[in-house]
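The values are calculated or read from the model by the stated rules, or taken from the named source; none is laboratory data. Quick caveat, the model's predicted, so the values are computed rather than measured. Positions of Cβ are generated from backbone atoms using ideal geometry, with glycine treated the same way; all protein chains shown enter the neighbour counts. Areas reflect the complete protein model, heavy atoms only, side chains present, ligands, DNA and RNA absent. Shrake-Rupley method; radii C 1.70, N 1.55, O 1.52, S 1.80 Å.
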Amino acid sequence: MSLSTKYNPGDVEGKWYKQWLEKGFFSATVKPQKEPYCIVIPPPNVTGVLHMGHMLNNTIQDVLIRRARMLGKEACWVPGTDHASIATEARVVAMLREKGIKKSDLTREQFLEYAWEWKEKYGGIILEQLKKLGASCDWNRTKFTMDADYYDAVIDVFIDLYRKGYIYRGLRMINWDPAGKTALSDDEVNYRDVQSKLFYINYPIEGSTEFVTIATVRPETIMADTAICINPNDGRYQHLKGKRVLIPLINRSIPIIEDEYVTMEFGTGCLKVTPAHDVNDYELGKKHNLDLIDILNEDGSLNEKAQILVGEDRFIARKKIAKLLEEGGYINKVEDYKSNVGFSERTDAVIEPRLSMQWFVRMKEITKPALENVMNDTIRLIPAKFKNTYNHWMENVRDWCISRQLWWGHRIPAWYNEAGECVVARTEEEAVAQFKANNQKANSLKQDEDVLDTWFSSWLWPIAVFDCSVFKDGNKGNTDLNYFYPTNDLVTAPEILFFWVARMIIASYEYRNTLPFKNVYLTGIVRDKQGRKMSKSLGNSPDPLELMAKYGADGVRTGMLFSSPAGNDLLFDEKLCEQGRNFANKVWNAFRLVKGWNTENIVQPVENELACTWFENRRNQAMAELDDHFGKFRISDALMTVYKLIWEDFCSWYLEMIKPGFGKPIDQVTYDKAISFFESLLKILHPFMPFISEELWHELRPRTEREYIIVAEWPAAMPFDTGVLNKAAFIFEAITEIRNTRNASNLSPKEPLKMVINNNASLKDSSFLAIIKKLGNISEIQFNQPAAPGSINFVIQSTEFSIPLNGKVDAGAQREALQKEIEYHRGFLTAVNKKLANERFMNSAPPEVITMEKKKKTDAEAKINALEKSLSEL
RNA sequence: GGGAUGUUAGCUCAGUUUGGUUCAGAGCACUUGCUUGACAGGCAAGGGGUCGCUGGUUCGAGUCCGGUACAUCCCACCA
């Protein structure tokens, strides 16, 4: 046998992927007679490189798509990348910095030229990496969220929503990143507990020598205060109502206002109100008509409105002002305080709440169908527990800030004239026309400098990959869109359930008036063994490409799937890949065994006939389990079903049963059966392990030009006979008992044993015996003989077995073990007897349960009998 | 602060909807014995859990109800 004892994935993976591509097996087209099955990939960042999260996510998608393809559906997996405005722009800025170029020295056009150049060079590396894991995407359909037609679609949607009144421009308190000088959505802000100080500051009351003490963690913002607020029900402060106070250091007079918003228990019960620099204060300011005083520049330094410390950074200003207040005698006390501070996800700078003109999507109304259709399971979330979180988010949805102060992205189609008036238009010409129609000046127009939030383009993804014009012109009969949409399954991480999934659903109901996909499979997060999230900074993330080089793509794929039920985080351990690789090796060696047999036209032995009948039934049973698991998106369980069917049932039992003796031939009938079983196993293995299954498929027998396993037919569901399976279970149990007896008695498996069977004469002529003899290495079976002294006895389904050991064993140890076992069964029997003696149990339990208890009793009694017999014969 | 989910073998998880033969399971890990003519990346056998804790309902609770502890996640972001 020239085949290596080990499977070498490196030899075969590239070969098959290339052939699959060449034969066009991945590409999908409209075929009205076939049922479509479609997945759109969650587009990875164009700057991305493959990490373990992608590995898990895309393996699951590939499993689903490959199975659908084999089920005869027109399987379409659409790949692509996301322009990822913030991430990509940051990468380009960093790249330019290395070349000594500052973004601020470039014009927008120059910068974008660099960005595109960079994208052409490095963008899409990740798509090449996906091919290594076997991803069977229809690469002809590869889409990018800034393709020309996609760009237009995004602009069309903006204009359309603006006309419908869903998009507005407004002054709002937003999350400002002073380092990136951009607005961030709420979701791009991470909150962390930070140890800080709580300053108690005295504000002098106007026309009095008394003062009011407030507590704040941000003393540098007192110059922006426009009121002090007390709770009207606060008994301590009734005398302050209607008075005014002076801001320390700058002596500006501000009113004392009343609002129940103030918590009396916190701090002193007096709150300084700074509407320009705090979200809650902003709301309070609006309610009480307070002035807005913004004392910060874009970069977080103080501006001239602060009057003092102008130009200082906010954190330096905080230290300095604390000192000034101290010197001025305004500090009452300072406490240590732990507060929750927001940080930019991108730059990690402390977020500054800031008032700014931004564009928003009004969410309340537009989200309605998206909420309803998830809650009523039109769109299924898997696992369903995410419905709760989804519901909670959607019911409390806030308007979506969609403008970003960046250059890389879809530029907002808004135009301003010299007077600062604004129109939304696709081009400057259209803008001019609109201004004129409004009787407004239309000279020296300027386009909005901002681009749109990345999610404002990716929420169109499932539609736009098929047709970008649909947002402007409606559906003009694009057959791809009509055929593949709504898509079937979406596989993504729960982290982006709101960012992306919810918004795709919203867009789909808005523009297609239907769902975008039927099922959303939410994967877990890949963590390391200690449960930490994998991250670059921790260096705990293995490189999937290196893993695949080491264990094979099939090994890594199955390794990841072994322990990753939907919604559960995956604690990644390289051992899993090893298990995957070992499985591939097992399959490989099973092939080597079968392939090495010589056939002859001899009569099929009875034991082989039984073995084949059994395995066929067992396989059909497993197939039913498999289909059930897939129907419930239990991918790990599905894999485990295949794993055990192949390893235990096929290799350990079936092949051992039919294995011919060394150098002897196997009968043709059994051999053909074995090959066809092997084929069906390779088929159900294929979605999980595409490469080795394709390799062995071709090794197993000659194939025609287009006969590949990737397009082979998924084995149809077949009935199975539980009677056959039960009979086999009986044989297996007997064999296990025999082996156990050998093990416990230190008898080599090579030494043939004799056996006696009592009270089951029907076994005499059965093919069972042949199998028991073969796998148990039993040389002779006698019937209804008195047990010889020193026998080991056991009972299986009321049949008594006896193995004479002729003094080959240590009687003392044997006796002890037997006594222990007898004791256990006696205890069990007592419990059952007690139950049966309980009148109330006998009266209220259903008859089946009582019958079962009675059977337990007789079984236990038989077992004890047999054991006692063994004991007495020792 | 509000909400959700989870706690079952050393580890990762099934099982809880509909209480009683899938009821105490799986894979990995572990122990013992095997140079077994496919595979030591292997074979065979085995050990291991009072189902977080605590009350209750019931003839009977991993499963239903109350309480409690711990963990994780989501939302909000009280100066």
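Would you list the P(r) distribution for the range A:719-874, with all Cα-Cα distances sorted into 5 Å bins from 0 and each bin expressed as a whole %?
So the P(r) values, bin by bin, are 2, 8, 16, 18, 17, 14, 11, 7, 4, 2, 0.
Stokes-Einstein D for the range A:578-722 at 37 °C, 0.692 mPa s, Kirkwood Rh over Cα pairs, in µm²/s? Write down the numbers at each step before the final one.
Values: Rh = 15.8 Å.
Value of D from the Cα-based Kirkwood radius: 207 µm²/s.
Ranked from highest to lowest mean number of other Cβ atoms within 10 Å per residue, what is the order of the peptides A:214-226, A:463-475? Spell out each step's value before the answer.
Numbers: A:214-226: 22.7, A:463-475: 19.2.
Ranked from most to least packed, the peptides come out as A:214-226, A:463-475.
Check residue A:257: other-chain or 5+ apart residues with amide H under 5 Å from its amide H, H built from backbone geometry?
Those lying under 5 Å, H to H, from residue A:257 are A:228, A:229, A:230.
Counting pairwise Cα distances across the range A:1-94, what percent come out greater than 19 angstrom?
On the way: 2623 of 4371 pairs.
In whole percent, the share of Cα-Cα pairs in the range A:1-94 beyond 19 Å is 60.
Any of A:683/A:764; A:121/A:385; A:15/A:644 with alpha carbons more than 30 Å apart? Name them for me. Spell out each step's value before the answer.
Working: A:683/A:764 39 Å; A:121/A:385 42 Å; A:15/A:644 28 Å.
Distance filter (> 30 Å) returns A:683/A:764; A:121/A:385.
Return the loop-located trypsin sites (Lys or Arg not before Pro) in the range A:656-753 (DSSP other than H, G, I, E, B) with at most 15 other Cβ atoms within 10 Å of their own Cβ; answer none if there are none.
Numbers: sites: A:673, A:683, A:703, A:706, A:727, A:739, A:742, A:750; in loops: A:703, A:706, A:750.
Listed in order of number, the matching sites are A:703, A:706, A:750.
Could the peptides A:374-385, A:267-278 be put in order, highest first, of the mean number of other beta-carbon atoms found within 10 Å of their residues? Please report the intermediate quantities before stating the final value.
On the way: A:374-385: 15.9, A:267-278: 23.0.
Per-residue Cβ counts within 10 Å, averaged per peptide and sorted highest first, yield A:267-278, A:374-385.
From the backbone phi of the range A:334-339, what are the Karplus-calculated ³J(HN,Hα) couplings (6.51 cos²θ - 1.76 cosθ + 1.60, θ = phi - 60°) in whole Hz, Gly and Pro given as x?
Result, rounded to whole Hz: 10, 10, 6, 8, 9, 10.
Once amide H atoms are placed 1.01 Å from N in the peptide plane, what residues at a sequence separation of 5 or more from residue A:520, or on another chain, have their amide H within under 5 Å of its amide H?
Here the answer is A:380, A:381, A:382, A:490, since their amide H atoms fall under 5 Å of that of residue A:520.
What Kirkwood Rh does the range A:56-156 have if only Cα atoms enter the pairwise 1/r average? Answer in Å. Intermediate results must be reported in sequence, preceding the final value.
Working: mean 1/r = 0.0628 Å⁻¹.
Taking every pair of different Cα atoms in the range A:56-156, averaging 1/r and inverting gives 15.9 Å.
If only Cα atoms are counted, what is the Rg of chain A, and what is its Dmax, in Å?
Looking at chain A, its Cα Rg and Dmax stand at 37.2, 117 Å.
If you average 1/r across every pair of different Cα atoms in the range A:475-542 and take the reciprocal, what Kirkwood value do you get, in Å?
Details: mean 1/r = 0.0696 Å⁻¹.
When all Cα pairs of the range A:475-542 are included, the Kirkwood radius is 14.4 Å.
At 222 nm, what helix-only mean residue ellipticity would chain A give, in deg cm²/dmol to the nearest 500, using -39500 (n - 2.57) for each DSSP H run of four or more? Display every interim value, and only then the final one.
Numbers: 28 runs with 365 residues, N = 874.
Calculated at 222 nm, the ellipticity per residue is -13000 deg cm²/dmol.
Binning every alpha carbon pair distance of the range A:240-362 at 5 Å from zero, what are the percents per bin?
2, 8, 14, 21, 23, 19, 9, 3, 1, 0
What are the residues whose amide H is under 5 Å from the amide H of residue A:74, where those residues sit 5 or more places off or on another chain and H is modelled from the backbone?
A:35, A:37
Compute the angle between helix A:767-776 and the longest alpha-carbon principal axis of chain A, please, reported from 0 to 90 degrees and rounded to the nearest 10.
Between helix and principal axis, roughly 70 degrees.
Would you report the distance distribution of C-alpha pairs in the range A:608-671 as whole percents per 10 angstrom bin, up to the bin with the largest distance?
Computed distribution, short to long bins: 21, 42, 24, 11, 2.
Taking the range A:632-728, which chymotrypsin sites (Phe, Trp or Tyr not before Pro) meet the DSSP loop condition and have no more than 11 other C-beta atoms within 10 Å?
Those that pass, being in a loop and sparsely packed, are A:662.
Which whole-Hz couplings ³J(HN,Hα) result when phi for each residue of the range A:10-26 is put into the Karplus expression 6.51 cos²θ - 1.76 cosθ + 1.60, θ = phi - 60°, listed in order with x for Gly and Pro?
Result, ordered by residue: x, 5, 10, 4, x, 4, 6, 4, 4, 5, 4, 5, 4, 7, x, 5, 7 Hz.
Check each of the GluC sites (Glu not before Pro) in the range A:183-217 and keep only those in coil by DSSP with at most 13 other C-beta atoms within 10 angstrom; list them in order. Intermediate results must be reported in sequence, preceding the final value.
On the way: sites: A:188, A:206, A:210; in loops: A:206, A:210.
The qualifying sites are A:210.
Of the listed peptides A:248-259, A:396-407, what is their order by residue-averaged count of other C-beta atoms within 10 Å, with the highest listed first?
Numbers: A:248-259: 16.6, A:396-407: 19.2.
Result, highest mean Cβ count within 10 Å first: A:396-407, A:248-259.
Run the reach check for residue A:446 against aspartates and glutamates, Cα to Cα strictly under 18 Å, same-chain hits fewer than 8 apart removed. What comes back?
A:109, A:418, A:421, A:428, A:429, A:430
Provide, for q = 0.14, 0.20, 0.26 Å⁻¹, the log10 of I(q)/I(0) from a solvent-free Debye sum over equal Cα point scatterers in the range A:282-329.
The Cα Debye sum returns log10 ratios of -0.45, -0.75, -0.89.
Mind jotting down the distance between the C-alpha centroids of the range A:35-110 and the range A:489-541, whole Å?
After rounding, the separation between the Cα centres reads 13 Å.
Of the heavy-atom accessible surface of chain A (probe 1.4 angstrom), what whole percent is carbon and sulfur? It would help to have the intermediate numbers written out before the result.
Working: 19400 of 39570 Å².
Ligands and nucleic acids excluded, carbon and sulfur reach 49 percent.
Per the Debye formula with a single identical scatterer at each Cα and no solvent contribution, what log10 I(q)/I(0) holds for the range A:737-790 at q = 0.29 Å⁻¹?
The Cα Debye sum returns log10 ratios of -1.26.
How far is helix A:108-122 tilted off the main Cα axis of chain A, in degrees rounded to 10, range 0 to 90?
10 degrees
Rounded to the nearest 10 degrees, what's the angle between the helix A:85-98 long axis and the longest principal axis of chain A, both from Cα atoms, 0 to 90?
Taking Cα atoms only, the helix is inclined about 80 degrees.
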